[in-house]
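These notes are about the structure you will find just below.
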Amino acid sequence: MGILLAILYIFLGIGVIFNCLGSIGLLRFPDVYTRLHASTKATTFGSIFTSFAVIIYSFSRWNVSGDSKFVVLALHAIVALICLIITNPTGAHAIARAAHRSGVMPKQAVIDQLKEAKLE
Amino acid sequence: MNEFFKIFIIPGGLLLIFMLLSLVRLILGPTTPDRIVALDTINTLVVAGMILVGAAYEEVIYVDVAIVYALLSYIGTLYVAKYLEGRTKK
């Protein structure tokens, strides 16, 4: 039980710290693209670790008590984690593409290679 | 409640504070993509926090709600991005 508590503390600590960094970066960075860079990657990483903590906790409780509620909790947490991993970077990519096409440019950049490539 | 309740509900409360920080950007944001980024961050934090609350109260239904919320918020983000992209194209 001590090992389980240590693993839970480490994983939840990593997850909460990265979520905190993501939301602070969202507040403090200068333009859309750097905010997207900070918030999306950091919160995805942190949410993966908090979900891992829940999955490990559920499997270990199932292993100890044999209650089928916990294995259902673990499997549903795995499905939610897969949905989060697939949908979050895709949404960030769509936001960045829409921001560039709607005319919002990076604030301190000196070159815009996506505009020079004439992909549109 | 059992001994694991506090371990999961305290990070859930911290995620709630981070949601409020992102809400400041959602209100202040100078351009529309800033607000969409803030909304996307809030959605991710809501999903993560809902999984934690489901583990704290040992209820599976919270995690099911988190799955549906993740998919619907993804569709909402894509819809708003598509709207923003087509608005100034022509």
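One chain, two ends: B:ILE9 and B:LEU78. Fully extended at 0.36 nm per residue, the span grows by 21.7 nm beyond their Cα-Cα distance. Note that region B:4-87, at 25 °C in a medium of 0.890 mPa s, gets a Stokes-Einstein diffusion coefficient of 178 µm²/s from its Kirkwood radius over C-alpha pairs.
Ignoring everything except DSSP H segments at least 4 long, calculate the 222 nm mean residue ellipticity for the protein assembly as shown; use -39,500 (n - 2.57) per segment, divide by total residues, nearest 500. Don't skip to the answer; put the middle values down first.
On the way: 7 runs with 177 residues, N = 210.
Counting only the DSSP helices, I get -30000 deg cm²/dmol.
In the neighborhood of A:LEU21, defined by Cβ-to-Cβ distances under 11 Å, what is the net charge if each Lys or Arg adds +1 and each Asp or Glu adds -1? Please list the in-between numbers first.
On the way: positive: A:ARG28, A:LYS41; negative: none.
Here the charged neighbours net out to +2.
Over all pairs of different C-alpha atoms in region A:2-119, the reciprocal of the mean inverse distance, the Kirkwood hydrodynamic radius, equals 16.6 Å. Number of Lys-Lys pairs in chain A with C-alpha atoms under 26 Å apart and a separation of 8 or more places or on different chains: 4. Between 0 and 90 degrees, the angle of helix B:60-87 with respect to the longest Cα principal axis of chain B falls at about 10 degrees. Please report, ordered by residue number, every helix of chain A (full DSSP H runs) that is 30 Å or longer along its axis going by C-alpha atoms and whose mean Kyte-Doolittle hydropathy reaches 0.5. Correct list, ordered by number: A:2-28, A:68-101.
Just how many % of Cα pairs in the protein assembly as shown lie over 31 Å apart, if you round to the nearest whole percent? All intermediate terms of the calculation are to be shown ahead of the outcome.
Numbers: 5465 of 21945 pairs.
It works out to 25 percent of all Cα pairs.
Here's how it looks for B:GLY29: its modeled amide H is under 5 Å from none belonging to a residue 5 or more places away or on a different chain. Need one number: nm distance between label points at A:ARG97 and A:PHE45, each 7 Å from Cα along Cα→Cβ, rounded to one decimal. Those two pseudo-labels are separated by 2.5 nm.
In the elastic network of chain A, a GNM with C-alpha springs shorter than 10 Å, the most mobile of A:ALA98, A:ALA74, A:ALA42 is A:ALA98.
Label separation (A:MET105 vs A:TYR9): 5.2 nm, computed from points 7 Å beyond Cα along the C-beta direction. For region B:35-76, the orientation-averaged shadow of the C-alpha convex hull comes to 2.6 nm² (one quarter of the hull surface).
Around the Cα centre of the protein assembly as shown, unit charges on the Cβ atoms of Lys, Arg, Asp and Glu (plus for the first two, minus for the last two) sum to a dipole of about 780 debye. Using a cutoff of 8 angstrom between alpha carbon atoms and counting only pairs six or more residues apart, the relative contact order for region A:49-101 works out to 30 percent. Give the residue from A:ALA6, A:VAL104, B:TYR62 lying farthest towards the positive end of the charge dipole for the protein assembly as shown; charges sit on Cβ (+1 for Lys and Arg, -1 for Asp and Glu) and the dipole is referred to the Cα centre. After comparing all options, I get A:VAL104. Region A:63-120 and region B:32-90 have Cα centres lying 10 Å from one another. Computed over chain B, relative contact order equals 29 percent, with contacts defined as Cα pairs under 8 Å that lie 6+ residues apart.
Given charges of +1 on the Cβ of Lys and Arg and -1 on the Cβ of Asp and Glu, with all other atoms neutral, how large is the dipole of chain B about its Cα centre, in debye to the nearest 20? Can you show the working numbers first?
Details: 7 positive and 7 negative charges, 137 e Å.
Approximately 660 debye in magnitude.
Legend: ranking of residues A:HIS37, A:HIS100 from fewest to most surrounding C-beta atoms inside 10 Å; resulting order A:HIS37, A:HIS100.
No lab work stands behind these numbers, since they all come straight from the coordinates. Fair warning: this is a prediction, and the values are worked out from it, not measured in the lab. Glycine also receives a Cβ, built like all others from the backbone with ideal geometry; neighbour counts cover every protein chain displayed.
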